[in-house]
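Asks: I have a structure here, written as structure tokens, and I will follow up with some questions on it.
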Amino acid sequence: MSTERVIQSLVQDLRAVRRLPATGRRLSLWLAFAVPPIALIVALMGVRNDLWERLGEGLYLAEMLVMVATGLIGGYGALAAGIPGTRRRTLLAPIVPLGAWIGLLAFQYGREWREVGATFWLDFHCIPAIAVISLVPIATMVSLIRRGSPDRRAVAVLWGTLAAAALANVGLRLFHPVDSALMVIAWQFGTVVVLTGLATAARGHLVPNAPARTAGSTPA
């Protein structure tokens, strides 16, 4: 068999490969699908009566901002993980807002403990609320992750789910008036951790080994 025929037999069943759009563009696409459902649920539930007062408090506003940052930077890191050659610092960047979020929760709990003591009660509404609010963001993120390389799928699913759950938690805090530090840590942040852990554990089902027919874009 001639060399030309060997080459032809190897490539005859190959399909065209599409180049992935830039990570920033894919992040914008994700937000375009993720934010409207969250906003719709907030509108249907109605914003909390003391929202503007709470936004005027530095600690509450800072927590909301770090949750948004976790969503944005986590989403970017998740999508960048599907590009071969992405720099390590890009993949580790979501640790910064996540650490700030945890730090703020710890500070809030410490201050509340000193002033009024710990307050805790069963609040099972947070678990299904965050799960439902994050459904579309997670599904959209998984769809975008599947178009990239599966080599770092654990990192991609970890940051992608965290990003979706963080934005969902922002939506929840806009209409759910529970602000006790221990309650927020146990039910709201706890639900974010559980969702992220479950999705990461199921990464093999969410992101198969065979990626979509796309090539990597410029490494982030």
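The values are calculated or read from the model by the stated rules, or taken from the named source; none is laboratory data. Here the structure is a predicted model, which means the values were calculated and not measured. All Cβ positions, even for glycine, are placed from backbone atoms using ideal geometry, and neighbour counts span all protein chains on display.
Asks: Take Ile73 and tell me if it is among the β-branched types (Val, Ile, Thr) and at pLDDT 95 or above.
Replies: yes
Asks: Considering only the range 184-203, state which residues are surrounded by fewer than 19 Cβ atoms within 10 Å (Cβ to Cβ) and at pLDDT below 80.
Replies: Initial filter on the range 184-203 (surrounded by fewer than 19 Cβ atoms within 10 Å (Cβ to Cβ)): 185-186, 190, 193-194, 197-198, 201-202.
Answer for the range 184-203, where residues must be surrounded by fewer than 19 Cβ atoms within 10 Å (Cβ to Cβ) and at pLDDT below 80: Ile185, Ala186, Gly190.
Asks: Could you list, in sequence order, the residues of the range 44-70 that are among the acidic types (Asp, Glu) and at pLDDT below 90?
Replies: Asp50, Glu53, Glu57
Asks: Could you list, in sequence order, all residues of the range 134-152 that are buried (at least 24 other Cβ atoms within 10 Å of the Cβ) and at pLDDT below 90?
Replies: If the condition is that a residue be buried (at least 24 other Cβ atoms within 10 Å of the Cβ) and at pLDDT below 90, then Ser134, Gly148 are the ones that fit.
Asks: Output yes when any residue across the range 44-63 is among the hydroxyl-bearing types (Ser, Thr, Tyr), crowded, with 17+ Cβ neighbours inside 10 Å and under 30 Å from Arg19 (Cβ atoms), and no when none is.
Replies: Going residue by residue through the range 44-63, those that are among the hydroxyl-bearing types (Ser, Thr, Tyr) are 60.
Filter once more, so that each one left must be crowded, with 17+ Cβ neighbours inside 10 Å: 60.
After this cut, where a residue has to be under 30 Å from Arg19 (Cβ atoms) as well, the list is none.
No; the residues of the range 44-63 include none that is among the hydroxyl-bearing types (Ser, Thr, Tyr), crowded, with 17+ Cβ neighbours inside 10 Å and under 30 Å from Arg19 (Cβ atoms).
Asks: Of the residues that sit in the range 76-97 and are modelled with pLDDT under 95 and outside any helix (DSSP H, G or I), which one is surrounded by the most Cβ atoms within 10 Å (Cβ to Cβ)?
Replies: If we take residues in the range 76-97 being modelled with pLDDT under 95 and outside any helix (DSSP H, G or I), then Gly82 is surrounded by the most Cβ atoms within 10 Å (Cβ to Cβ).
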